[in-house]
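One structure is given below, encoded as structure tokens.
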Amino acid sequence: MGEFAYVAPATVADTVAVLEEHASAGKRAQVLAGGTDLLVQLRGSDNEPRTIVDIKQLDETNRLDIGADEIFIGAAIASAVLYENEELKALLPGLLESSDLIGSTQIQGRCTIGGNLCNSSPAADTTPAIIVDSGVCVIATNSGTRELPAEDFCTGVGTNVLAPGEFLLGLKFPRPGAGTSDAYLRFIPRTEMDIAVVGVAVNVTLDDTGTCTAARVAIGAVAPTPLMVPAAADALIGTQVDDDALAAAGVRCTEASSPISDKRGTAEYRRKVVAVLCRRAGAIARDRAMGVS
Ligand SMILES: Cc1cc2nc3c(=O)[nH]c(=O)nc-3n(C[C@H](O)[C@H](O)[C@H](O)COP(=O)(O)OP(=O)(O)OC[C@H]3O[C@@H](n4cnc5c(N)ncnc54)[C@H](O)[C@@H]3O)c2cc1C
């Protein structure tokens, strides 16, 4: 394992200061949430010396608020803690099932959805769900906080918009109203503990007649970053989210994807699977929004 120093600042301001000091001195500092990506990286090829900056002592990153209008999930809250929250599971079932897919029980006891987003893998399971649930990144800066829609956060494979000195405090979501729900599905070659070959998240809002009035669709593992697919959402809006609409949305996902071929699947295979998962996830989100599942 590479050499590292460890600090656990007590305040957000101190955390930003440590990160900034390192950046201006040309030294490497890296935020630690659950460590399930970071420690693997430190033991592998990315083992140059650094200071690890633990954000788990901060009040803000441990905050979980389920308010009348808004939900806030702090960046230090482990996946398992989210999944055990029945109110949150009822409000954002797709997001919670995506975080419950990460690794094993042991990994879920440590890993965070903020770490999944900040690691910025194209195959991150929770990122498509965060995007379709209209997640907003709350980012700590040296002048307070700034906010950014989650779909604008990742900039490439393993890269994101965070500037030196900044870190993710947490994610904000609008509290879903009646008739709104989400779903996330991924395909992996094994039954668990593998990286998504394709992932698709869908969020729909239905009116009293079952007509879709709003939708968001996002795809993972089929482009350099998780991608929102507005054309797929447009194929659902104004419909009953029936088989034809879901098939059209699936085609839009295929068109938006630009996958690579690797040992888990060819690009052609991924383009087909993304359409299938869009149809299935869309049907699950629809049924949940109608209260029938
Ligand atoms: C056995 C195993 C199985 C896995 N299975 C899956 C899987 O099925 N699906 C999947 O998507 N991932 C999987 N992962 C990867 C990993 O568990 C997830 O990406 C996890 O969500 C990372 O969260 P963390 O809190 O542990 O992040 P950390 O490891 O603490 O951090 C990850 C990266 O993000 C940065 N970071 C973390 N939090 C912040 C923050 N608040 N602000 C700024 N930067 C931050 C860190 O500096 C680091 O670069 C697996 C990992 C292992 C070891």
- Is it true that I139 is within 10 Å of the ligand (Cβ to nearest atom), β-branched (V, I, T), assigned to a helix (DSSP H, G or I) and at pLDDT 95 or above? no
- Enumeration of residues in the range 175-204 that are closer than 13 Å to V132 by Cα, among the small types (G, A, S) and away from the ligand (no atom under 11 Å from the Cβ): S181, A183, A201
- Note on the structure: When restricted to S104, S98, S121, the only residue within 12 Å of the ligand (Cβ to nearest atom) and buried (at least 21 other Cβ atoms within 10 Å of the Cβ) is S98
- Message: Step by step: first the residues of the range 58-95, then only those that are within 12 Å of the ligand (Cβ to nearest atom) and part of a loop (DSSP other than H, G, I, E, B), then the one that is farthest from V132 (Cα to Cα). Which residue is that?
- Response: L58
- Message: Between a residue in the range 62-73 that is loosely packed, with under 12 Cβ neighbours inside 10 Å and any residue that is at pLDDT 95 or above and not in a strand (DSSP E or B), which pairs come within a Cβ distance under 9 Å, given they are 6 or more apart or on different chains?
- Response: G67/R175; A68/R175; D69/R175
- Query: Going by the structure shown, is E21 outside any loop (DSSP other than H, G, I, E, B) and not assigned by TED's automatic domain parsing to the domain that holds G144?
  - Reply: yes
- Item | Residues located in the range 98-122, provided they are in contact with a Phe, Trp or Tyr (Cβ under 6 Å, 6 or more places away or on another chain) and either over 13 Å from A150 (Cβ atoms) or not in a helix (DSSP H, G or I) (or both) | D100
- Message: Just to be sure I understand, how many residues within the range 244-270 are in a helix (DSSP H, G or I), in contact with a helix residue (DSSP H, G or I) (Cβ under 8 Å, 6 or more places away or on another chain) and either closer than 16 Å to N203 by Cα or of a type in the set (G, A, S) (or both)?
- Response: 9
- Item | Residues (surrounded by 15 or more Cβ atoms within 10 Å (Cβ to Cβ) and either over 26 Å from the mean Cα position of the chain (by Cα) or touching a residue at least 60 places away in the same chain (Cβ under 8 Å) (or both)) located in the range 19-37 | L19, E20, H22, A23, V31, A33, G34, G35, T36, D37
- Item | Candidate set: the range 124-136, residues that are among the hydrophobic types (A, V, I, L, M, F, W, C) and more than 6 Å from the ligand (Cβ to nearest atom); chosen: the one surrounded by the fewest Cβ atoms within 10 Å (Cβ to Cβ) | V136
- Item | Residue among S258, S293 that is at pLDDT below 95 and at negative phi | S293
- Tally, over the range 31-56, of residues that are within 24 Å of V81 (Cα to Cα) and not in a loop (DSSP other than H, G, I, E, B): 8
- Message: It is to be established whether one or more residues within the range 28-46 are more than 12 Å from the ligand (Cβ to nearest atom) and either touching a strand residue (DSSP E or B) at 6+ places or on another chain (Cβ under 9 Å) or among the basic types (K, R) (or both).
- Response: no
- Message: Anything in the range 195-236 that is free of Cβ contacts under 8 Å to residues at least 60 places away in the same chain, over 18 Å from V251 (Cα atoms) and assigned to a loop (DSSP other than H, G, I, E, B)? List them, or say none.
- Response: D207, D208, T209, T211
- Message: Give me the residue from the range 155-174 that is in a loop (DSSP other than H, G, I, E, B) and within 17 Å of the chain's Cα centre (by Cα) and, out of that set, farthest from the ligand (Cβ to nearest atom).
- Response: V157
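The values are calculated or read from the model by the stated rules, or taken from the named source; none is laboratory data. In this text the structure is predicted, and so the values were computed from the model without any measurement. Every residue, glycine among them, receives a Cβ derived from its backbone with ideal geometry; neighbour counts consider all protein chains shown.
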